[in-house]
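J.: The following block contains the structure, expressed as structure tokens.
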Amino acid sequence: MSPLHGVQSPVPSYHSLQSLNAASINNLRVHHSTPVKAWLAERTSQIEVFYLPSYSPELNPEERLNADLKQAMGKRVPVRTKAKLRDAASEHMAMLEKSPERVMSFFQDPRVKYAAG
């Protein structure tokens, strides 16, 4: 099951990470919401926040993950239901959890190294 399944956190992209120390915040409307601001404020000593300019996906390391997931889904036999798509995505995310070298590769581009610590 995906670490994001059933998420109640206002920041679902980040809630499940065990040792989060950086968050890239783009101009997505939800990032400006009161719950997200409160969540971040409670963790100022634990998380360094990077505010990204609008329309700059090349600066967002999460976009590397999105591209990896989309590419993996495109190579599979087409799924025909939401449940099967969720299962396939969860399977890929579980594989990534066991492949830290692959995840680290998302941070090799100089434009996103800022988030690698």
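The values are calculated or read from the model by the stated rules, or taken from the named source; none is laboratory data. Note that the structure is predicted; figures quoted are calculated from it, not measured. These accessible areas exclude ligands, DNA and RNA; they are computed on the full protein's heavy atoms, side chains included. Shrake-Rupley method; radii C 1.70, N 1.55, O 1.52, S 1.80 Å.
J.: Taking just the alpha-carbon atoms of the stretch 45-117, what radius of gyration and Dmax come out, in angstrom?
T.: Final numbers for Rg and Dmax: 14.5, 44 Å.
J.: Also, I was wondering about something else. What's the carbon and sulfur percent of the stretch 72-116's accessible surface, probe 1.4 angstrom, rounded to a whole number?
T.: Numbers: 1960 of 3380 Å².
Answer for the stretch 72-116: carbon and sulfur cover 58 percent of the accessible area.
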